[in-house]
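K.L.:
Below is the structure I would like to discuss, written out as structure tokens.
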Amino acid sequence: MKTIGISPSRRSFLRGAVKTAPAMVALGGTLGLAASGAADSSAARYSPSYFNAPEWALLSALVERLIPADSQGPGATEAGVAEFIDQQMGQPYGFGALWFMQAPFVPTAADEFGYQLAQSPRDLYRQGLAALAQAVQQQHGKPFAALAPADQDAVLTALEAGKLAIGAVPPKAFFSQLLTNTREGYFCDPKHGGNRDMAAWRMVGFPGARGDYIDWVDQYATKYPLPPVSSS
């Protein structure tokens, strides 16, 4: 997997993810510094249905560091990414019901062989978040959300490279799951809990679920002027 290239701005990383936006629709610093006041208040109003309090705090900090707020768009917290992931854990997806989940499991198999872990997504998060919290505490003496931006980035980079042991959970697999769900939650249809106020769609100029574009198909080099719409 190519590195996400952690830097002060991750918009190139996000714009690369937009190539898969239609499929998603179908479906820095500490957290307090990276998120706006609106993001903090919106997150505080949400009560997770799957994640417990320590898991929720760590998950929120992780996704916010992957997609921090900047002048071009909202951060993951403000966009409701953690809420999206929490809601998915109660869906068939979270239980792995959409995948073949029987042995043998071959974690070293090529990507074309599909998901190769015994844990469902919800189990992967439960085990991975707990082990990650312990690893970060042992390494830095404080939780992930309290780390300096550079230290948070170092943790994410180590996970992506498979160099940070997190118990029985393969670190690369955990990072891939987290990154995939973060992108999905950022660009999904708002009815699924993420992409609050369709801010991510507005940022990239995606019109959403409009059913009729007949008046615009021949207007080349003309900026589409209508705001995006949700399918809900």
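The values are calculated or read from the model by the stated rules, or taken from the named source; none is laboratory data. Treat the numbers as computed from the prediction; the structure is a model and nothing was measured. Here Cβ is always computed from backbone atoms with ideal geometry, including for glycine, and neighbour counts include all displayed protein chains.
K.L.:
Would you say residue 107 is in a loop (DSSP other than H, G, I, E, B) and more than 18 Å from residue 166 (Cα to Cα)? It would help to see each step written out before you state the result.
P.N.:
Numbers: in a loop (DSSP other than H, G, I, E, B): yes; more than 18 Å from residue 166 (Cα to Cα): no.
Judged against the criteria, residue 107 is not a match.
K.L.:
Is it the case that residue 157 is outside any loop (DSSP other than H, G, I, E, B) and not basic (Lys, Arg)?
P.N.:
yes
K.L.:
Taking helices (runs of 4 or more DSSP H) that do not extend beyond the range 25-70, which have at least 2 residues that are modelled with pLDDT under 50?
P.N.:
Ranges flagged: 31-34, 37-45.
K.L.:
Considering only residues that are in contact with a helix residue (DSSP H, G or I) (Cβ under 9 Å, 6 or more places away or on another chain) and not in a helix (DSSP H, G or I), look in the range 120-151 and name the one that is nearest to residue 48 (Cα to Cα).
P.N.:
Looking at residues that are in contact with a helix residue (DSSP H, G or I) (Cβ under 9 Å, 6 or more places away or on another chain) and not in a helix (DSSP H, G or I), I get 143.
K.L.:
Still on this model: Restricting to the range 179-232, what's the tally of residues that are of a type in the set (Ser, Thr, Tyr), in contact with a helix residue (DSSP H, G or I) (Cβ under 8 Å, 6 or more places away or on another chain) and closer than 13 Å to residue 85 by Cα?
P.N.:
2
K.L.:
Based on this model, can you work out whether residue 138 counts as exposed (fewer than 14 other Cβ atoms within 10 Å of the Cβ) and within 20 Å of residue 61 (Cα to Cα)? Lay out the reasoning, then the answer.
P.N.:
Values: exposed (fewer than 14 other Cβ atoms within 10 Å of the Cβ): yes; within 20 Å of residue 61 (Cα to Cα): yes.
Answer is yes for this residue.
K.L.:
Which pairs do you get when a residue that is at positive phi and at pLDDT 90 or above, found in the range 185-205, comes within reach of a residue that is in a loop (DSSP other than H, G, I, E, B) and surrounded by 23 or more Cβ atoms within 10 Å (Cβ to Cβ), reach meaning Cβ atoms under 8 angstrom, with the pair 6+ apart or on two chains?
P.N.:
Note: pairs meeting the criteria are 193/80; 195/80; 195/188.
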